[in-house]
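These notes are about the structure you will find just below.
FYI, it's all coordinate maths here, none of it is from the lab. Because the structure is predicted, anything quoted here is derived from the model rather than measured. Glycine gets a Cβ as well: all are built from the backbone with ideal geometry, and neighbour counts include every protein chain shown.
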Amino acid sequence: VRLVSVRKTYGAADNPVVALNNVTVGLPAGTFTAVMGPSGSGKSTFLHCAAGLDQPTSGRVFIDGAELTGGDETALTKFRRQRVGFVFQQFNLLPTLTALQNVALPLRLAGRRVDLRHCRAVLASVGLAERADHLPAELSGGQQQRVAIARAIAAQPRVIFADEPTGALDTTAARDVLGLLRQSVRQGGQTIVMVTHDPVAASYADAVLFLADGQLVGSLTRPTADAVA
Ligand code: ADP
Ligand code: ADP
């Protein structure tokens, strides 16, 4: 995921609110990045621009070498459906579909062949083999978020964008969910970008970016074993 000189403003041109100010950053494939910063620092805007859910005012965004900026909305929607997965704070499962049907949905929307055995296996991999035929309302918050992660993983996107994925969970459920995200990076080679204000959540990532007032003000990477004195 690459952002080049990305700027995003809201409101009138003569008195704009600057949400992102000249952000340039590259997130290597197969890594798990957390984006932190105070409320209003531009985290959601960063995620939306990086995921192609929102167009920056200026600058360019690339995923996997493909440009998300400057194209038309139809192509962008198609790109998102094929290559990008989302996990939200409030799970965003469709309430009338079972866990299994929710997992299969992005594949259906992308017009891809739906292999229900594969979808069941992905649900099993997040510990929900016994819950595949339950409705979201019959599941705990942690279980619902695990369904949402299974839904994101099942389509094997290049990148998963997660917006405060543990924000509505208790500590135990949060740890389960973070462990699953980490596992999908380690085993599935996924790239994950996660917005969080929780340092515990950020500690599961390989790298942390810090935003303040719409600017990238710092970054940290996980120390490697050799780096430990
Ligand atoms: P964070 O996710 O870190 O809380 P946001 O990206 O939501 O930050 O917001 C960054 C800035 O942009 C804030 O000043 C916010 O008020 C402003 N902003 C965000 N979305 C809109 C919008 N749709 N209209 C106007 N201002 C917005
Ligand atoms: P839009 O409505 O902006 O055109 P799409 O419906 O094409 O967006 O969705 C783009 C991507 O985001 C798809 O991969 C889709 O599965 C995912 N997505 C969008 N909204 C939701 C949601 N509420 N819950 C889960 N995934 C969603």
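With a Förster radius of 25 Å applied to the beta-carbon distance between LYS78 and THR24, the computed FRET efficiency rounds to 0.40. Magnitude of the Cβ-charge dipole of the stretch 131-212, K/R +1 and D/E -1, about the Cα centre, nearest 20 debye? Dipole of the stretch 131-212, to the nearest 20 debye: 300 debye. Taking a ≥ b ≥ c as the square roots of the eigenvalues of the Cα gyration tensor, the stretch 170-214 is oblate, since a/c reaches 1.5 or more and a/b is not larger than b/c.
Can you give the log10 of the normalised intensity I(q)/I(0) at q = 0.12 Å⁻¹, computed with Debye over equal Cα scatterers of the stretch 28-174? Reported log10 I(q)/I(0), two decimals: -0.53.
Distance between the C-alpha centres of the stretch 151-180 and the stretch 85-147: 12 Å, rounded to the whole angstrom. Couplings 3J(HN,Hα) of the stretch 25-35, computed from phi: 7, x, 10, x, 4, x, 10, 10, 10, 9, 10 Hz, in residue order, whole Hz [Karplus 6.51 cos²θ - 1.76 cosθ + 1.60, θ = phi - 60°; x for Gly and Pro]. Mean separation of Cα pairs under 8 Å and 6 or more residues apart, divided by the residue count, gives the chain a relative contact order of 28 percent. Here the contact order of the stretch 113-156, divided by its residue count and restricted to Cα pairs under 8 Å and six or more residues apart, works out to 44 percent.
Cβ-Cβ distance of LEU109 and ARG60, R₀ of 30 Å, FRET efficiency by 1/(1 + (r/R0)^6): the value works out to about 0.70.
Rounded to the nearest Hz, the phi-derived 3J(HN,Hα) couplings of the stretch 104-116 under the Karplus curve 6.51 cos²θ - 1.76 cosθ + 1.60 (θ = phi - 60°) are 6, 4, x, 5, 4, 4, 7, x, 9, 5, 9, 9, 5, where x marks glycine and proline. Taking the chain as a Gaussian network of alpha-carbon nodes connected by springs under 10 Å, the highest mean-square fluctuation of the residues PRO136, PRO199, PRO56 belongs to PRO199. Classification of the stretch 1-68 by its C-alpha gyration tensor yields an oblate form. The axis ratio a/c (a ≥ b ≥ c) is 1.5 or more, and b/c is at least a/b.
Within the listed set ARG146, ARG108, ARG158, the residue fluctuating most in the Gaussian network model of the chain (springs between alpha-carbon atoms under 10 angstrom) is ARG108.
Out of CYS119, SER5, GLY142, whose Cα points farthest toward the positive end of the dipole of the chain (charges: +1 Lys, Arg; -1 Asp, Glu; placed on Cβ)? Going by the Cα projections, it comes out as CYS119.
Using 0.36 nm per residue and subtracting the Cα-Cα separation, the extra length available between LEU116 and GLN89 on full extension is 7.1 nm. Over the C-alpha atoms of the stretch 97-143, the Rg to Rh ratio, Rh being the Kirkwood estimate, stands at 0.97.
When only the Cβ of Lys, Arg, Asp and Glu is charged (+1, +1, -1, -1), the dipole of the chain relative to its Cα centre reaches about 680 debye. Once you've got the GNM for the chain with C-alpha springs shorter than 10 Å, pick whichever of PHE79, PHE32, PHE161 has the biggest mean-square fluctuation. Its mean-square fluctuation being the largest, the pick is PHE79.
Once you order the gyration tensor axes a ≥ b ≥ c over the Cα atoms, which shape class does the stretch 136-229 get: rounded for a/c under 1.5, otherwise prolate or oblate by comparing a/b with b/c?
prolate
Report the relative contact order of the stretch 17-110, percent, no decimals, based on alpha-carbon pairs under 8 angstrom and at least 6 residues apart.
Across the stretch 17-110, relative contact order equals 17 percent.
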